[in-house]
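Chemist: Before I ask anything, let me first share the structure, which is written out below as structure tokens.
Bear in mind these aren't lab numbers, they're just calculated from the coordinates by the rules spelled out. Bear in mind the structure is a predicted one, so any value in this text is a computation, not a measurement. Cβ coordinates were reconstructed from backbone atoms using ideal geometry, including for glycine residues, and neighbour counts include every protein chain displayed.
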Amino acid sequence: MPAGLNCWHAFVLNSMSSTENKLIVHSIESFGTHDGPGIRLVVFLQGCNLQCKYCQNADTIALKGGTPTEMESLVKRAVNMKTYFGDDGGVTVSGGEPMLQSKVLIPFFEALKKEGIHTNIDTNGLIRIPEAKQLISELSDLVMFDVKATTEEGFKTITGAKGLGRLLENIQLREQSKKPYWLRYVLVPDYTDSEESLRWLIETFSGNKYLEKLEILPYHKLGIYKWESLGMDYQFKEIKENTPEQIERAFEMLKPHFKDVIVK
Amino acid sequence: MDLENTFKTGRWCKVIEVKDFVTLNITPYTGDHKFLEGPTARTSKLWDICKEALKEERQNNGLRDVDVNVVSGLTAFEAGYIDKESEVIVGLQTDKLLKRAMKPYGGYNVVKKALSEHGLKPNPIIHESFSKYTKTHNDGVFDAYTDEIRKFRSLGFLTGLPDNYARGRIIGDYRRVALYGINRLIEAKKEDLQKITGPMSDATIRLREEVSEQIRALSDMIEMGNIYGLDLSRPAQNAQEAVQWTYMAYLAAVKEQDGAAMSLGSVSSFLDIFIEKDIQDGKITETDAQEYIDQFVMKLRMVRHLRMEAYDQIFAGDPTWVTESIGGLLIDGRSKVTKTSFRFLNTLYNLGPSPEPNITILWSKNLPKGFKDYCAKVSIETSSIQYENDDLMRTSSNCDDYGIACCVSMQELGKHIQFFGARTNLAKTLLLAINSGRCENTGTQMVDGIPFIEEEYLDYDKVIANFKIAMKEVARVYNEAMNIIHFMHDKYYYEKAQMALIDTNPKINIAYGIAGLSIVADSLSAIKHAKVKPIRDENGLTVDFEIEGDFPKYGNDDDRVDHIARDVVEHFNLELEKLPVYKNAMPTMSVLTITSNVVYGKKTGATPDGRAKGVAFAPGANPMHGRDTHGVIASLNSVAKIDYKDSKDGISNTLSVVPKSLGATPEMRIENLVRTLDGYFGCNAQHLNVNVLDRDTLLHAMEHPEDHPQLTIRVSGYAVNFVRLTREQQQEVLTRSFHETM
């Protein structure tokens, strides 16, 4: 069991037992154009159950810190943005791992729904508590699952913990609920970009009817400075960013098998 | 071609009213930009010559040539050409490309100074005339200024007032010359003059004199046309003439006046009616149409005025504000977008990016999608255009035929003018409230009746009470200065050529302005939500402020501070509205700085928001640099809360984003920018400059200006060639918030 697991378990319990409708917020981006469809209010929540070696928001991992923020004030922010949303914009909760705060996300999403605002969760998909399941199967208009790796071993190497099985269960839950979702796949050279990995993606997901989009995220090191400023060791330093050919190859291989494949 | 037999007739045939002609004859276009053509060989040849001349101008310290022997006027110069054989639209301000002219009626000292900075002097006869016999606007103003006004001016409470340069901002309805011909315009003015009869009050006498001047200017305009072999006495007979006649009318204005802003109005869809007719009749092709517009725009890019260096501090980069407003809707709901709207934008590709003409899109939610997308594309690729909220302005004034005077100010064409009033420094006004009415830099007593604040920590209610006294007094002095300035401008530098193209008794608004809004809002927020301790010198003047705790900052969609900003604007505007104005003009206010935010900052001591002494203000109504930490839309939403009814002369906001932050693909970027504009204006915001740039491009241009001669950036209601800004202004642009979160 990874060292942090007890810790985040406590965090989940803590946030669940909270009677106040407060989310622990890391930061807010009102002009999210890369986290779901359209223009989005992206609420980055503090705290993660994983510690991905390439995390670009390393400062959101810690379970301490963040700013407790009234859910109502976030709803107001979103309502103020309605004129910008157009047909498909809305709110995305990201992180950190937003599902750690599922308990408060439920009334948050319910309030947004009442305002007619589209909701989206950007998640690693590992949390299986009832509130998280409710968000996945009912409440969220869209879910974006990160697929970190295609084997349990690979998953552990990248994230520090096993969890592929739980992720697949949650994706299955979403599929069965007949609601749209996206997958995001970080293409890490030598770790996740082998032909075998890509074939696994095709075999596992290409038949899924409600999978609307597969986003290929080329590997980049833009987040290193955050690791360094936190005094943490960035272990993937040696890995080179993908060549255009590597990206092209993956794209060409995946494209015929899914409704929509895009490279970010 | 008899226009009345060619086009749909109506009211415009009986009275001078271009708007009626446009409404009846416009052909709205709902398609995309694919029909557009590139430049002709002639256009490219001309532009190459211009580029070479521009290079010479840059290399010669911003002045390629100047005539020291002639006082500019409509007929003062022989015809000038870039390359006569290649020109389908002719006319230059002087007899040579980029040669500037003296216009000393605004202020002779300014002309002398501008020349001496280049080692030149005016011709001795002109010197004698303006030293001994001819009084200027500037002389008149300073004869009348009180000691108090001088004090407010010299210490930086009022800055950039048009008291030693021409006020500008008046937009002649230049289309009238093309539609009616000048003979008909003279006839109409003569009829007006006959009707202006006794009793002979000051106002009546003045108006009779003004209309007589206008008639003389119209005759001069015919003569000016003759110099180029053009018969402006009659209406334009085809598309080429319509463009040429309109340009000649504008040229008359910039030969006579060197006002800070010399807007063009809204000519594109008017010209489109003539172009559409000629295309329908098979007389011209799309290539011809684009050639007229390219060459017209090229001429507009070559407009120059003689300026002294100090002028550059308030209006950096040698701007002329040839503001052309494009788009918007008609009152009946039809779109005013025509193919010629696209053709104007296309000049930014055919001739490359440029700050002038200052292309302003009148944005409506209901503009055709093809046009919205094209505007966004042009913004992303050139950073050369700005946007104003047509839905807001059209509905609040019930007017669909207007231009933008200068940067952001709405002006009904041919029926309305404004008196430009620069701005007052609201941040310094706030410091008066904390320094018992004394200037924080000099200790000079500016305003009486403000009690000294003795407490260790500033008390919000006490500061507000004092601030209200300060605002009232600053408004009074500001109003007095404005009345003097416009009285004298009318007397000594009346815009006869422009006023000849405007109704005889137009509506007038006086355009006050404020600078430093974000600093005032954040300062008051700090005083209210944190603890602010003033640090005072031995005379009790504040030199710094210590802030304990955090406070909400303007620019994050947070009502706790945004409403402070909104309320300050409302209050100061109300104070201004109470005061009597010259010619009974209607008081209005803008939140706009041009580039004076840098010089305002220099003149202002440390402020309670934590800003250090001398640091530049944010431009216009923008949040202070780097304090808008919640992304673009939160920042826009804060500005959108300022109520247009309190700031009818405009609320300027400048947005800078890096390309990638708009979206992953070019298509998504266009879509997201369109949504941003729809969203912002959907919140009743008024104005937005859009820059889509990487900071690295600007850094590179600072080091290698020769590689970026046409790099254009929107600053505050206008655009500049980045390489023509001073180093200091370039630095200031770089410190602004570039939204880059992905």
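Chemist: Could you work out the equivalent-ellipsoid semi-axes for segment B:166-414, taking the square root of 5 times each eigenvalue of the Cα gyration tensor, largest first, in whole Å? Walk me through the numbers before you get to the answer.
Modeler: Numbers: eigenvalues 172, 97, 79 Å².
So the equivalent ellipsoid measures 29, 22, 20 Å along its semi-axes.
Chemist: Restricting to DSSP H runs of at least four residues, report the calculated mean residue ellipticity at 222 nm for chain A, -39500 (n - 2.57) per run over all residues, nearest 500 deg cm²/dmol. Show your work: numbers first, answer last.
Modeler: On the way: 10 runs with 94 residues, N = 264.
Mean residue ellipticity at 222 nm (helix-derived): -10000 deg cm²/dmol.
Chemist: Can you give me the Cα centroid spacing of segment A:30-86 and segment B:654-696 in angstrom?
Modeler: Here the two parts' Cα centres lie 20 Å apart.
Chemist: If you find the alpha carbon centre of segment A:198-261 and of segment B:111-153, how far apart are they in angstrom?
Modeler: Value for the Cα centre distance between the two parts: 68 Å.
Chemist: Suppose every K and R has +1 on its Cβ and every D and E has -1 on its Cβ; what is the size of the dipole of the protein assembly as shown about the Cα centre, in Debye to the nearest 20? Could the numbers behind the result be given before it?
Modeler: Working: 119 positive and 138 negative charges, 171 e Å.
Dipole size: approximately 820 debye.
Chemist: Further question: Of all trypsin sites (Lys or Arg not before Pro) in segment A:55-106, which ones are in loop regions per DSSP and have a Cβ with at most 16 other Cβ atoms within 10 Å? Walk me through the numbers before you get to the answer.
Modeler: On the way: sites: A:Lys64, A:Lys76, A:Arg77, A:Lys82, A:Lys103; in loops: A:Lys64.
Sites meeting the loop and neighbour criteria: A:Lys64.
Chemist: Right, another one. Using only the Cα atoms of segment B:517-606, build the gyration tensor, take square roots of its eigenvalues as a ≥ b ≥ c, and label the shape rounded, prolate or oblate: rounded if a/c is under 1.5, else prolate if a/b is larger than b/c, else oblate. The partial results should precede the final answer.
Modeler: Values: a/c = 2.09, a/b = 1.51, b/c = 1.39.
Prolate, since a/c reaches 1.5 and a/b exceeds b/c.
Chemist: Can you give me the C-alpha center-to-center distance between segment B:235-312 and segment B:404-442, rounded to a whole angstrom?
Modeler: 31 Å
Chemist: Here's something else I'd like to know. Measure off 7 Å from each Cα along the Cα-to-Cβ vector at B:Glu456 and A:Ser194, then give the distance between these two points in nanometres to one decimal.
Modeler: Result: 6.9 nm between the two label points.
Chemist: Among the trypsin sites (Lys or Arg not before Pro) within segment B:132-223, which fall in a DSSP loop and have no more than 15 other Cβ atoms within 10 Å of their own Cβ?
Modeler: For trypsin sites (Lys or Arg not before Pro) across segment B:132-223 that sit outside H, G, I, E and B with at most 15 neighbouring Cβ atoms in 10 Å, the list reads B:Lys135.
Chemist: For segment A:5-263, treating each Cα as an identical point scatterer without solvent, what Debye log10 I(q)/I(0) comes out at q = 0.08, 0.13, 0.15, 0.18 1/Å?
Modeler: -0.30, -0.83, -1.12, -1.60
Chemist: Please compute, for peptide B:665-677, the average count of beta-carbon atoms on other protein chains lying within 10 Å of each residue's beta-carbon. Walk me through the numbers before you get to the answer.
Modeler: Details: counts 3, 0, 0, 5, 1, 0, 5, 7, 2, 1, 10, 6, 1.
Neighbouring Cβ atoms belonging to other protein chains average 3 per residue here.
Chemist: Just tell me how shielded B:549-562 is by partners: mean number of partner chain Cβ atoms within 10 Å of each residue's Cβ, no decimals.
Modeler: Values: counts 0, 0, 0, 0, 0, 0, 0, 3, 7, 3, 3, 0, 0, 0.
The per-residue average across the peptide is 1.
Chemist: Using only the Cα atoms of the protein assembly as shown, what semi-axes does the equivalent ellipsoid have when each is the square root of 5 times a gyration tensor eigenvalue? Give whole Å, largest first.
Modeler: Details: eigenvalues 591, 248, 121 Å².
Each semi-axis is √(5λ); the values are 54, 35, 25 Å.
Chemist: Can you tell me the FRET efficiency between A:Ile239 and B:Asp550 if r is taken as the Cβ-Cβ distance and R0 is 30 Å, rounded to the nearest 0.05? Walk me through the numbers before you get to the answer.
Modeler: Details: r = 39 Å, r/R0 = 1.30.
For A:Ile239 and B:Asp550, the calculated efficiency is 0.15.
Chemist: Could you pull out every one of the aspartates and glutamates with an alpha carbon less than 15 Å from that of B:Lys468, ignoring same-chain neighbours closer than 8 positions?
Modeler: B:Asp448, B:Asp459, B:Asp567, B:Glu570, B:Glu575, B:Glu577
Chemist: Set the Förster radius R0 to 25 Å, insert the Cβ-Cβ distance between B:Glu706 and B:Glu117 as r into 1/(1 + (r/R0)^6), and round the FRET efficiency to 0.05. Mind showing how you got there, number by number?
Modeler: Numbers: r = 23 Å, r/R0 = 0.94.
For B:Glu706 and B:Glu117, the calculated efficiency is 0.60.
Chemist: Students often forget the sequence filter, so: which lysines lie under 19 Å Cα-Cα from B:Lys99 once same-chain residues fewer than 8 apart are removed?
Modeler: Filter leaves B:Lys51, B:Lys55, B:Lys84, B:Lys112, B:Lys113, B:Lys121, B:Lys255, B:Lys299.
Chemist: Averaged over its residues, how many other protein chain Cβ atoms are within 10 Å of peptide A:25-37's Cβ atoms? It would help to have the intermediate numbers written out before the result.
Modeler: Numbers: counts 0, 0, 4, 6, 10, 13, 16, 6, 17, 7, 1, 0, 1.
Counting Cβ atoms of other protein chains within 10 Å of each residue's Cβ and averaging gives 6.
Chemist: What FRET efficiency would be calculated for the residue pair A:Glu20, A:Thr157, taking the C-beta separation as r and a Förster radius of 51 Å, to the nearest 0.05?
Modeler: For R0 = 51 Å, the calculated efficiency reads 0.85.
Chemist: Could I ask something else about it? Which value, in debye to the nearest 20, describes the size of the charge dipole of segment B:166-414 about its Cα centre when Lys and Arg Cβ atoms bear +1, Asp and Glu Cβ atoms bear -1, and nothing else is charged? Before the final figure, lay out each step's value.
Modeler: Values: 28 positive and 36 negative charges, 49 e Å.
Value, rounded to 20: 240 debye.
Chemist: Let me ask something else. By the gyration tensor of its Cα atoms, with a ≥ b ≥ c the square roots of the eigenvalues, what is the shape of chain B: rounded for a/c under 1.5, prolate for a/b over b/c, or oblate? It would help to have the intermediate numbers written out before the result.
Modeler: Details: a/c = 1.63, a/b = 1.33, b/c = 1.23.
It is prolate, given that a/c is not under 1.5 and a/b is the larger ratio.
Chemist: Next question. Given an 8 Å cut-off on Cα distances and at least 6 residues of separation, report the relative contact order of segment A:54-150 as a percent. Spell out each step's value before the answer.
Modeler: Details: 98 pairs, mean separation 25.9, N = 97.
Dividing the mean separation by the residue count of segment A:54-150 yields 27 percent.
Chemist: From the Cα gyration tensor of segment A:22-78, with a ≥ b ≥ c the square roots of its eigenvalues, which class applies: rounded if a/c is under 1.5, or else prolate if a/b is larger than b/c, or else oblate? Don't skip to the end; give the middle numbers.
Modeler: Values: a/c = 2.95, a/b = 1.23, b/c = 2.39.
Oblate.
Chemist: May I ask you to compute the full-extension gain from B:Lys533 to B:Asp694, defined as 0.36 nm times their residue separation minus their alpha-carbon distance, rounded to one decimal in nm? Can you show the working numbers first?
Modeler: Values: separation 161, 0.36 × 161 = 57.96 nm, distance 3.89 nm.
Working it through step by step, the gained length comes to 54.1 nm.
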